[in-house]
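To keep things clear, I will list the structure first and then write my remarks on it.
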2 protein chains.
Amino acid sequence: MGIIRKTKSVTTVLQIFEEKQEAKSVVNLIEIVKDKMNKTTVYRILDRLEQDGIIHSFNGKDGLKWYAKCKGCSASHHSDKHPHFQCTECNKVECLSVEIKIPSIKNHIVDSTDILLTGQCEVCSA
Amino acid sequence: MGIIRKTKSVTTVLQIFEEKQEAKSVVNLIEIVKDKMNKTTVYRILDRLEQDGIIHSFNGKDGLKWYAKCKGCSASHHSDKHPHFQCTECNKVECLSVEIKIPSIKNHIVDSTDILLTGQCEVCSA
DNA sequence: CTACTTTCGCGACTGAGTTGCATTAACAAT
DNA sequence: ATTGTTAATGCAACTCAGTCGCGAAAGTAG
């Protein structure tokens, strides 16, 4: 059970994700809201939102943790198999709706799949 | 050009990768060689070995950097498209030789592909 | 052996993420 | 609306991976 109270901070963070359908690194988020709330609060809100399946997280190429909200997100259907794309020029990260098939691995049980593609996005490759 | 001199430290690190064909996190490596060399040295050797294509690196689920030496590694053919598998029980990481096909993404140029699978390995799922 | 240059060790530092605790603010019940 | 409960926040101190600068040590070529 993540979010129980709808505080101003929670609303602020959620708005950021709803405005644009793109992923944000925690560092980036903290920077955006730095005069509205403490960094600890940002970390905690993100944790709770993720527990509730409202947003999902993954690790960027830079080693930082990134968060995004996408249509498929929900508390029940938490297995996000969609790949992420990080642009090496503008550094933006998008969720891709492409389906990538993972062959079953002999003698292994696969629980989760993290796929991160890097390259140039639509804007930067033009 | 990474490695220029074959020092004792370099040899020690290389031996670890040659003994077992499994990936090691930097933290783990530092622990293993902690009374033979300094942690800064370990970081620097790994950087150089990677530049030369002798080993390759990727980010684990834990956010740590992992390194591995595998057959396909070479300075020229540096694009390692093979997936990695991290066991959620014993925490070991293996390089998989499975080929995973990434569909081309519209209006995007894909340079690299990082795939990390998590689950239970052969030993732990038995 | 000597001279040159890479590599190493050490200590201090950076920056992401965490923790403990006192304070504040949601929310439910009265 | 007031009160009581407890989740949520702010703050400061902390942890830990990874980096940096610099003087000392060890490779390597001649």
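Worth a mention:
- Compactness of the range B:8-125 is given as radius of gyration and Dmax, 15.1, 51 Å, from Cα positions.
- Selected from B:ILE105, B:ILE16, B:ILE45 as most flexible by GNM, with chain B as the system and alpha-carbon contacts under 10 Å: B:ILE105
- Theoretical FRET efficiency, 1/(1+(r/R0)^6), r = Cβ-Cβ of A:GLU89 and A:GLU22, R0 22 Å, to 0.05: 0.90
- Solvent-accessible area of A:LYS81 with every protein chain in place, 1.4 Å probe, in Å² to the nearest 10: 110 Å²
- Compared with the dominant principal axis of the Cα atoms in chain A, helix A:39-51 is inclined by about 50°.
- Relative contact order (%) - criterion: Cα under 8 Å, at least six apart; region: chain A: 23 percent
- Residue pairs, from the table A:LYS101/B:LYS61; A:LYS81/A:LYS106; A:LYS71/A:LYS106; A:LYS24/B:LYS71; A:LYS81/B:LYS39, whose Cα atoms sit over 27 Å apart: A:LYS71/A:LYS106; A:LYS24/B:LYS71; A:LYS81/B:LYS39
- Within straight-line reach of B:LYS8, meaning a Cα separation under 14 Å, sit the following aspartates and glutamates at least 8 residues removed in sequence or on another chain: B:ASP35.
- Neighbours of A:CYS90 by Cβ distance under 15 Å: Lys/Arg scored +1, Asp/Glu scored -1, total -2.
- Degrees, to the nearest 10: B:8-19 long Cα axis against longest axis of chain B: 40 degrees
The values are calculated or read from the model by the stated rules, or taken from the named source; none is laboratory data. Quick caveat: nothing in here was measured; it's all calculated off a predicted structure. Counting neighbours? That spans all protein chains shown, and the Cβs are built from the backbone with ideal geometry, glycine included. Just the protein is used for accessible areas: all its heavy atoms, side chains included, with ligands, DNA and RNA removed. Shrake-Rupley method; radii C 1.70, N 1.55, O 1.52, S 1.80 Å.
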